[in-house]
1. Report the calculated FRET efficiency for B:Ala12 and A:Tyr183 (r = Cβ-Cβ distance, R0 = 51 Å), to the nearest 0.05.
2. Calculate the dipole size of the protein assembly as shown relative to its Cα centre from +1 charges on Lys and Arg beta carbons and -1 charges on Asp and Glu beta carbons; express the result in debye to the nearest 20.
3. Would you mind getting me the FRET efficiency between A:Leu489 and A:Val24? Use the beta-carbon distance for r and R0 = 45 Å, nearest 0.05.
4. Which of B:Val277, B:His362, B:Leu347 sits closest to the plus end of the dipole of the range B:275-362, meaning its Cα is farthest towards the positive end, when Lys and Arg get +1 and Asp and Glu get -1 on the C-beta?
5. For chain A, what is the mean residue ellipticity at 222 nm derived from helices alone (per DSSP H run of n ≥ 4: -39500 (n - 2.57); sum divided by total residues; nearest 500 deg cm²/dmol)?
6. Could you work out how much longer the chain between A:Glu198 and A:Arg71 gets when fully extended? Use 0.36 nm per residue separation minus the Cα distance between them, nm to one decimal.
7. I'd like the carbon and sulfur percentage of the solvent accessible area for the range B:337-461, probe radius 1.4 Å, heavy atoms only, ligands and nucleic acids excluded.
8. Restricting to Cα atoms and excluding each atom paired with itself, what does the Kirkwood estimate give for the range B:24-165 in Å?
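The values are calculated or read from the model by the stated rules, or taken from the named source; none is laboratory data. Here the structure is a predicted model, which means the values were calculated and not measured. Every residue, glycine as well, gets a Cβ built from its backbone with ideal geometry; the counts of neighbours run over all protein chains shown. Keep in mind that these areas ignore ligands, DNA and RNA; they rest on the heavy atoms of the full protein, side chains included. Shrake-Rupley method; radii C 1.70, N 1.55, O 1.52, S 1.80 Å.
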Amino acid sequence: MSGSDLYLLSPELCVAAGALLALVAGMANANRAVVTAVGLLGLVAALVFTGLLWAELDGRVDLCSALEGDRGTAVYGALAIDRFALFFKGLIGVSAALVLLASHAYTQRFAERSAEFTALVLFAAVGMMLLAGGRELITLYVALELSTLPLVALAAFSGGQRASEAGLKYLVLGAVASAILLYGMALTFGYTGTTVLEGMALSVGDAALDGSRPFGVQVLVLGVVLMVAGFGFKVAAVPFHGWIPDVYEGAPTPITAFLSVASKAAGFAVVMRVFFTAFEPLEVDWALLFAGIAAASMTFGNLAAIAQANIKRMLAYSTIAHAGYLLVGLAAVASRTVDGITIGPETVLFYLGGYAVTNLAAFFAVIAIADRTNNESIASFSGMGRRAPWMAAALTVALLSLTGIPPTVGFMAKLFVFGAAVKADLAWLVALGAVNSVVSAYYYLRVVRIMYLGDPAADETSDGERPVRAIPLDLSVAVTAVAVVALGLYPQPLFRAAQRAVEGLF
Amino acid sequence: MLLTATVFLPLAGAAVVLLLLGDNARRVRLFAAAVGIVDFVLALAVFLQYDRDDGGFQLTAKLASWIPQLDIQYHLAVDGLSAPLVLLTGLLGLAAIYSSWSIDKRHREYFAWLLTLQAAVMGVFTAQDFVLFFIFWELELIPMFFLISIWGSGRKEHSAMKFLLFTFTGSAFMLVGLLAVYFSTGTFDMTRLVGMDLNDLLLPSQLVFAFFFIAFAVKLPVWPVHTWLPDAHTDAPTAVSVMLAGVLLKMGGYGFIRVNVSMFPDVASAAATALAVLAVISILYGAMVTFRQSDLKRLVANSSISHMGFVLLGVSSVGAAAEHLSPVGLTGAAMQLFSHGVVTGLLFVMVGVVYDKAHTRHIPDLGGLAGKMPFAAVAFLVAGLASLGLPATSGFAAEIMVFLGTFPAHGVLTGLATVGVLMAAGYVLWTLQRSLFGPRRERWDHLTDVSAVEAVAPVLLMAAIMAVGLYPALLSDVFATGINEVLPRFTP
């Protein structure tokens, strides 16, 4: 590890430092505001450095000789420093910052442990950021565990039976998924003799070696399939989705938001990097694999969401459906139909970005509204259009975006992803996705309908009574909801960033 | 600039209503009415500024750098087909605002949604970029959903959801279709697509044609995807029925001509007979169902299915034998769009007036209203007669052109379709007789005629009906400049 690595890893280091400082502040009995501020400071610093590194790749800044040209590596080649990784670091950093902001009021419920809460969020963010840059299997595995274990603790954070169940379920199923992943990695390593993704690609492509390998290519395929299962768990694709509803419901709502956005983004980052660098030469129809998982995820997620009475469970199933839409994009990337040109990786990144603001807006608005009633059933949202007009409007915007109705970013994201899939000759999958959007309209708009048409519930406490004055929460709702519409009307900045991020990677 | 203003003025008005005006019902109403008037004047200016000698797309507003990576532009323009529809939207938007005077709950939201709706429909008729078109197309769903489900009556939530799911399903197909077009041609520019050969797409062009057709057929509506319409109409508040029947259905017919016929002439010719069959089923089925209605609103709603069938019939005339290929059928279809817009708009306004005063729409309960409400009766009568296609009304001009244009192509089917006109005469006259004339019931003695405010919308619409009826060239000339550009694409 050289001195320049410090600079190249500065985003992760800043977040980690923020986490440690938050713990220290907690031990010093600092009040919650200080703890949150310290955490936010770490994230902001990380975002600044992320921007700096991006500018460095563009050649606009020159602070470090280790980063020449379009991409670099750090820590003996274990981590990639390219725009793809930086895009996700930015996305994860922004999400984590918004989550911290939105949970400031929420942490009052466990005030004495708010420092631990903050630190765990930051540690998970570090793990996700490392995941986005990992180009070596062991690094990836460690980063995956680093991102998952804090989330397990956070899922169980609020105490009580539901939370414990959430934590336990996440822990056990997550451990099984890691074990499967590790097994897959081991097989892959055994076949290729290296853990570095690019080295694996060379080895996979080297047909001359085939005769000398003990079990033939089946071992590799088995390894890859097991890795698909491991990552499928992370991104919550069918059939690896079993943990989602209970964990999402039991976890504190800001953590659910964090899980659904940042954790998923990191998962997709890994999938894209691993599959499209290491296994590209392997002659398997990845497009068909991804398309199959996509079809199953969309259909299952949407159908199951219809029946939900709890809004967090409904949104949990909806994230499964959205993993499906994202996989439609991945299937397009994997198809490389004509001339070997890759189609649409930038659309997947755009979708992740748009989905992040949308889902954060949805969950934050849910926090704000559920705070009034202490109830997360959809029925309890009745009449909120009148009693919490701004929050209800924000939630409506987010739900329209999740449905894919313009002028929201969700529409643009679907337009791009489906467009890529049509271009990749996957029109059947797009048709299925379109039908799924219609199904999803039913349950998303049911919430809107209840908020605007229902009468306030009878057991409601008097109007305007909110347990906490939550300016940071209001702020985070406003920022995300405005972003949903702004990016829907003018998607270009995000799309451009996504385009730059995938340059050179594919 | 003029087009941008016409499209976005109502949207800006909606924002003002929602954010700045406060809760004073009177102020909100007056402001909305002012926005409606200005937008109508703008729409009129668009219509008058459209140079019919020049033809083609005019008054273009373009901003190429919206989403340059995918060549998605902000691009508005009108041609002979859209200019009259813009006028229609302005006219009915104003009528809708004036028929909303009695809205008594949540008026701020109500007028905001109504204005948003108007902006969305204006956008559909003027957008020349496919994505922009689609955005406006979808944008219209949200206001409709709220307008029906909050201010409607009866099973309003059910109807709103049904409307939304039907339309959304249609547009999902359209999305796939327009993506297929884009990735085959590399452009979303509708004005360019009209000149291109779209027979060799990523997907079979018949399939893409079908995708678009489904989306527009739901909207028009064509049997068998019409079932949302009676529900939505019946349960919607008056002004929303006016907008729905008056302009929203027109989006479907507009789409047929703008996309299905103009961009896929070969497929359209091949499918012409099938379209004509669907049209005749819609016409006859709609008329038969209409006969059985005893609720005034349901009656008008179901008659719309029948009358919109004439639009599809006119569209199907493009399958005519080469020597008969003429713009008459398509122009008739376009005329029918406008005519039905003002006629049904007026019918719904009058149904609303009757319901406001008598609190019932059940036809057998009414009777002899003409004596107490002479003005309303006249307006109702004019609308009814225009609806059955009496000469000197716009309905006649439109239907006769449809029949003239379609007969050479589908003789038998056109003959069957004319039965629809007979049936229309039957149900319209029967309804007018039962509700307006005959002995008056005592319970209607207290009824009063329409007030000055309530008379604004009917007067405007009657003027439009008579003007077009007496001098159809007023519109048909403009429509023809749009249609004439399409026709050469059909190889004889």
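1. Values: r = 60 Å, r/R0 = 1.19.
The calculated FRET efficiency here is 0.25.
2. On the way: 54 positive and 63 negative charges, 488 e Å.
Dipole about the Cα centre, nearest 20: 2340 debye.
3. In this case the efficiency is close to 0.55.
4. The Cα lying farthest towards the positive end belongs to B:His362.
5. On the way: 21 runs with 364 residues, N = 506.
Taken over chain A, the calculation gives -24000 deg cm²/dmol.
6. Details: separation 127, 0.36 × 127 = 45.72 nm, distance 1.39 nm.
Extra length available between A:Glu198 and A:Arg71 comes to 44.3 nm.
7. Values: 3240 of 4590 Å².
Taking all protein chains in place, the range B:337-461 shows 71 percent carbon and sulfur surface.
8. Details: mean 1/r = 0.0608 Å⁻¹.
Across the range B:24-165, the inverse of the average 1/r is 16.4 Å.
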